[in-house]
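Note sheet for the following structure.
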Amino acid sequence: MSVTVQGTEQALEPRIGRSVSLDHAAELLGVSRRTIYNRIREGRLLTVRTLGAAEMVFVAPLGHPLLEREMIAPGDLASHPLISFGRETHFGQLLDQAFESAGERRQIGLQVTMSLVAACYVQRGMGVALVDSFALNAGLTGLGWRPFRPTVRLPVTMMSQANHLLSRHANGLVSAIEKVVQAWTRSLGARTMSAKAKTRR
């Protein structure tokens, strides 16, 4: 049997769950094995399954000079109106870490809470943005994109109570979502290589 505790991954990675044994969970949380078992029965522990990941990408109107670059770094954005997440949000904190690792401070021109909203503002010519890569699949026209470095990954996770077994149908749905997310991640990698090739021409 396994339960989930919270662990810190690399500097630019969000906090995600990891599965451990009952004995290891008890050691990590500083409680007895029986306490862990009781917390599972009471529904106080969660199982977290990582289905895949997105990553932050740069988006701008077609023809924008930054789209001539192979990839975008924090320093490239200093003189451009940036549509971005507030500093108090999870995505905003991850981006702040990325900018700080490059010796830059993120300047927010227009604050948003959703990647799709940011991309729509970019489409209207209100600035450039850093959004999660799933926003590229929204069908918005007139936009170009480039990879953002340092990489900021955004795991797609599913949480459920550790004492609750998913039904066969629910497991089937989760597996289908996992395949779609992983296929999109592979597709993004291929599109990144294609974008770099076009830039070199």
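The values are calculated or read from the model by the stated rules, or taken from the named source; none is laboratory data. Treat the numbers as computed from the prediction; the structure is a model and nothing was measured. Quick reminder, even Gly has a Cβ in these numbers, built from the backbone with ideal geometry, and neighbours come from all protein chains shown.
Out of curiosity, is Asn137 touching a residue at least 40 places away in the same chain (Cβ under 8 Å) and either in contact with a His (Cβ under 7 Å, 6 or more places away or on another chain) or polar (S, T, N, Q) (or both)?
yes
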With respect to Ala129, is the statement that it is within 20 Å of Ala73 (Cα to Cα) and touching a residue at least 12 places away in the same chain (Cβ under 8 Å) true? yes
Need pairs with beta-carbon distance below 8 Å; first residue more than 10 Å from Arg146 (Cβ to Cβ) and within the stretch 56-80, second hydroxyl-bearing (Ser, Thr, Tyr) and outside any strand (DSSP E or B); sequence gap 6+ or separate chains. Met56/Ser133; Met56/Thr151
Checking Ile108 against (1) surrounded by 13 or more Cβ atoms within 10 Å (Cβ to Cβ); (2) over 29 Å from Met158 (Cα atoms); (3) touching a Pro at 6+ places or on another chain (Cβ under 9 Å); (4) at pLDDT 95 or above, the condition it does not meet: (3)
Looking at the stretch 148-172, which of the residues that are in contact with a strand residue (DSSP E or B) (Cβ under 8 Å, 6 or more places away or on another chain) and over 30 Å from Ala73 (Cβ atoms) is surrounded by the fewest Cβ atoms within 10 Å (Cβ to Cβ)? Met159
In the stretch 108-137, anything among the aliphatic types (A, V, I, L, M) and under 11 Å from Phe85 (Cβ atoms) is listed as Ile108, Leu110, Val112, Met114, Val117, Ala118, Ala129, Leu130, Val131
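Quickly run through the stretch 137-172 and pick out the residues that are among the aliphatic types (A, V, I, L, M), farther than 15 Å from Val48 by Cβ and at pLDDT below 90. Show your work before the answer.
As a first pass, look at the stretch 137-172 and keep what is among the aliphatic types (A, V, I, L, M): 138, 140, 143, 152, 154, 156, 158-159, 162, 165-166, 170.
Of the ones still in play, those that are also farther than 15 Å from Val48 by Cβ are 138, 140, 143, 152, 165, 170.
Listed by number, the residues that qualify are Ala138, Leu165, Ala170.
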Among the residues of the stretch 173-201, write down those that are surrounded by 14 or more Cβ atoms within 10 Å (Cβ to Cβ), at pLDDT below 75 and within 16 Å of the chain's Cα centre (by Cα). Leu188
Would you check which residues across the stretch 82-101 are surrounded by fewer than 15 Cβ atoms within 10 Å (Cβ to Cβ) and closer than 17 Å to Leu66 by Cβ and list them? none
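List the strands (runs of 3 or more DSSP E) inside the stretch 73-151, counting only whole elements, that have at least 1 residues being of a type outside the set (A, V, I, L, M) and within 22 Å of Arg186 (Cβ to Cβ).
Numbers: elements: 82-85, 110-112, 128-132, 143-147.
Because the criterion is at least 1 residues that are of a type outside the set (A, V, I, L, M) and within 22 Å of Arg186 (Cβ to Cβ), the strands (runs of 3 or more DSSP E) in the stretch 73-151 that meet it are 128-132, 143-147.
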Residue ID - modelled with the lowest pLDDT, chosen from residues in the stretch 30-48 that are buried (at least 16 other Cβ atoms within 10 Å of the Cβ) and touching a helix residue (DSSP H, G or I) at 6+ places or on another chain (Cβ under 7 Å): Leu45
